[in-house]
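The values are calculated or read from the model by the stated rules, or taken from the named source; none is laboratory data. Computed from a predicted model, the values in this text were never measured in an experiment. Don't worry about glycine lacking a Cβ; one is built from the backbone with ideal geometry, like all the others, and counts go over all protein chains shown. Keep in mind that these areas ignore ligands, DNA and RNA; they rest on the heavy atoms of the full protein, side chains included. Shrake-Rupley method; radii C 1.70, N 1.55, O 1.52, S 1.80 Å.
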Amino acid sequence: MNRCSSLFLSTVRNLSKMQASNGIDRREMKHLSDQELMRIVQAGDFSPASEIYDRYSSRIYNFAYRFLKNSEAAEDATQEVFVKMLKHANQFHGDAKLSTWLFSITANWCRDYLRKSDNKAKEAEDVLVTLPAPAEHSPERTLEQRENEKRIQKALTALTPEQREAILLSRYQGLSYAEIAQISGCSEGAVKTRVFRAMETLKKALTGKERGGDRCLTAM
């Protein structure tokens, strides 16, 4: 992710000679809402870009990685999503959630990537961006969590791309069915069906073979 961050910030510098942000420094930007930051960007000032990147890059990367099972592609997706955010900032409407718009761009990128015949899923790599384990967690507990994550990653490959997109956005990113429907271009009913079928497939994959599968499901 460090490479991706460097590439993005370099691209920002190339896209525009940043204007002064009306006296708003980086510390003040942390207290602005997503909509307020995007209004600054829409005015032609890209200085909030790094703050928006800090808020959402890990979530975007993890979604793309779990979708594609390819760390390099996930980095490329993350880079491209934020570049598109800047280039097409005026397409964002202030009454919408920025997260929904960014995940919509990410999902489109991932779908396009999978349509290319030479882009096949790789074996899962342990390269998710994760938060540090709480201090009270023992090494054994941390190891168990990592093993559960690997099992879930493997089980996700049994889903269709549509089901995987729906389950990742709902269970991992906390988006509503209405938001997912907007991203996926389908009805809320279709999203609910995809999530239901995805969970049924994951239950079979995780509870039918190995010990600890039930804990994997509750961890999602």
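Could you compute the net charge surrounding ALA181? Neighbours are other residues with a C-beta less than 15 Å from the C-beta of ALA181; K and R count +1, D and E count -1.
Working: positive: LYS97, LYS192, ARG194; negative: GLU162, GLU165, GLU179, GLU188.
Around ALA181, the charge tally is -1.
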Collect residues whose amide H, placed 1.01 Å from N in the peptide plane, falls under 5 Å from the amide H of SER47; neighbours closer than 5 in sequence don't count. GLN19
So how much accessible area does SER57 have, in Å² to the nearest 10, using a 1.4 Å probe? 10 Å²
